[in-house]
Amino acid sequence: MRDPGPRIREIFEHFASTEKIGSLVDGGIVPGSGDELTLTDPATGKPFATFRDADPAVIDVAMEAAARAQRQWMQLTASARGRVMNEIGREIRAHAAEIAEIESRSAGRPIRDIRGEVIRVAEMFEYYAGWCDKLHGDVIAVPTSHLNYTRHEPVGVVVQITPWNAPLFTGGWQIAPAICAGNGVVIKPSELTPLSTLILGLLCDKAGVPRGLVNVIAGQGVTAGQAAIAHRRTGLVVFVGSAQAGSLIAAAAARKVVPCILELGGKSANIVFADADMDRAVLGAQSAIFGGAGQSCVAGSRLLVHRSVHAQFVERYARASEKIPVGNPGLETTQIGPINNLRQWIKISEMVKQGVGEGAHLVTGGSRPAELESTGGFYFAPTILDDVAPDATLSKEEVFGPVVGVTPFDTEEEAIALANDNPYGLAGAVWTQNVARAHRIASQVRAGTFWINSYKTISVMSPFGGFGKSGYGRSSGREALFAYTQTKSVWVETAAEPAIAFGYSAG
C-alpha cells in the first residue's frame, strides 16, 4: 500500500480554507481553468469555497489515466482485486467521522443520517470485494464438437455522473461495481457537492488501486460531463439524476454508440389500505417523503389512501409531521435539514403554490419554517397537500422536496390504476395486512423496487433501477456486474478430425 499522505480532515480543511478544490486525476489534485464555481452551505446560504470548472485537457488526462490504470488493474488476480476493495471499505470506516462531517456540511444532510450512510458505502465495497473472484461465465452445450464458453469482460473506462442529493452514497453505489467488474472510472459528481466524492476517490488511491483507476472530476455537466461522454475512451455512461438531463445524456452517448445506465427520477405511489397498521403506515409515510428532505428519487411523493380511512389518516399524518425536527443538519436532534440549493428551494415553493392553484388543500407546511427564517438556510417545512387530483401537476411531476400529495381511492383496482397512471416507475409501496392483496399489488404496480409494509429499504445486494421514465439498467446487486461488463463467446474446436465445410486443403 502506498504512503497514506495527509489525513482526510486536513485535506478538507485545505480545500475549504485555501479555496483550491480541483479534480482528482491520475492520483493528484488538478485545478481547472474554466468558470469559477461556488460551494454554498445550505444551512446558512453562505458560500464557503470556490473552484474552477474542469477544462477538456483535465478530462483527457483523466480518461487516459483510467484506461492505463484499468489495464494494470486487470493484471492483478481477481482475488487480489478483492483484497484491495476490502481495504477501501476499511479506509472508509476509519475516516467515517470526517466523511460524515464533509457530507453534512456540503450537502446539508442531517449528521445522524450520514453516519450510518458512510458505513453503508463501506459495505458497498466490501460486498463487491466478494464478487471479484466469482464473476465467471458459462460453458454452453452447443450441438457441435466445439467447447463454447463465455467470459464477462470489463467495458474499459466508465463515465459516471452523479447528483447533489446524496453524493457520497451514489458515488460508492457506482464506483464499487464498476471497479469490481475490472473497469477504470471517471466520475463527475454535481458541481454543487464534489467534496465527499473527491474524498472517496482519495481513499481508493490510499487503499492501493492503481494510480488513476478512480478519477473524480470537479466540474459542470454541460462542460466537463459532456467532454467525458464524448471522449474516445468512454465505454459506458452511467447517469443518476433527472429524466430531462438523462434523455440528453443518453442521446449524446447514442451518437457514439456507447451504452448507458440511467437512474432517473420517480413519482412513487405509497398505497395505504383500510386494514393497514395505521401507526406503522403513518411512520412509513413520513420516512417515504420527508427523509432526506424529500430529495430522493424513490420518495413516496404520491400517497394513495383508502377513502374509508382517508380523513383520519391525513389528520394523524399531519400532526405527526409537524413534530419532525427541522433545522441545522449538524445537530443530533435534526431529522430534516435544508434543501441543497436555492434554485431547488424556489422550484419546490412554486410547485406547492401550483398545487393549491390546481385545487389541492394545503394541510400543513408549504414554506420555510418561521423559526428558521433568520438563518438564511434553504429550509422547507414538511408539506402535505390533500385531495390532489390524479391529473394534477403534483401527481405527474417530481417535486424533489418534502412535499406529498394525498389522493383517496375506493377499490384495489383503482389504487393500482392510480399508481400506474404515471410515466415514472422507480418505486412504490403498499400497507395492508392482507397478504394476498399485498403480493397482487406488488406484481401489478410498474416499479423497479416495491415495498410491502415498509418503505425506502435498499441494499447494495439487491438490484436497483426503474421502469419507464425512471430509466433503465441496474446498478447494484449481481445485475450491476453484468451491466458493467461485455459478454464474449469463445469457441474451441475439440474434434480430432473436424468436418471441413468450406475450402481446400493446403496440401
Counted residues, the stretch 313-341 - those being part of a loop (DSSP other than H, G, I, E, B) and in contact with a helix residue (DSSP H, G or I) (Cβ under 9 Å, 6 or more places away or on another chain): 14
Residue selected from the stretch 251-290 under the condition among the polar types (S, T, N, Q) and open to solvent by less than 10 Å² (accessible area, probe 1.4 Å), by the criterion nearest to S476 (Cα to Cα): S268
In the stretch 293-312, the residues that are part of a helix (DSSP H, G or I) and crowded, with 24+ Cβ neighbours inside 10 Å: A293, G294
Residue within the stretch 87-108 that is charged (D, E, K, R), over 25 Å from the mean Cα position of the chain (by Cα), more than 30 Å from H231 (Cα to Cα) and surrounded by fewer than 16 Cβ atoms within 10 Å (Cβ to Cβ) present: no
Selected residue [over 24 Å from R474 (Cα atoms), in a helix (DSSP H, G or I) and either among the aliphatic types (A, V, I, L, M) or modelled with pLDDT of 95 or more (or both)] from A227, A245, A178: A227
Scope the stretch 65-80; condition of a type outside the set (A, V, I, L, M) and surrounded by fewer than 19 Cβ atoms within 10 Å (Cβ to Cβ); matching residues: R68, R71, Q72, Q75, T77, S79
Residue satisfying all of: in the stretch 183-197; closer than 21 Å to E123 by Cβ and touching a residue at least 40 places away in the same chain (Cβ under 8 Å); nearest to the chain's Cα centre (by Cα) among these: S196
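Are there any strands (runs of 3 or more DSSP E) wholly within the stretch 408-507 with 3 or more residues that are surrounded by 16 or more Cβ atoms within 10 Å (Cβ to Cβ), and if so which?
427-431, 449-452
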Close pairs (8 angstrom Cβ cut-off, 6 or more residues apart or separate chains): within 17 Å of P408 (Cα to Cα) and free of Cβ contacts under 8 Å to residues at least 60 places away in the same chain in the stretch 268-291, part of a loop (DSSP other than H, G, I, E, B) and not basic (K, R) anywhere: A274/S308; A274/V309; M278/V309
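The values are calculated or read from the model by the stated rules, or taken from the named source; none is laboratory data. Model, not experiment: these values are computed from the prediction. Don't worry about glycine lacking a Cβ; one is built from the backbone with ideal geometry, like all the others, and counts go over all protein chains shown. Accessible surface areas use protein heavy atoms only, side chains included; no ligands, DNA or RNA. Shrake-Rupley method; radii C 1.70, N 1.55, O 1.52, S 1.80 Å.
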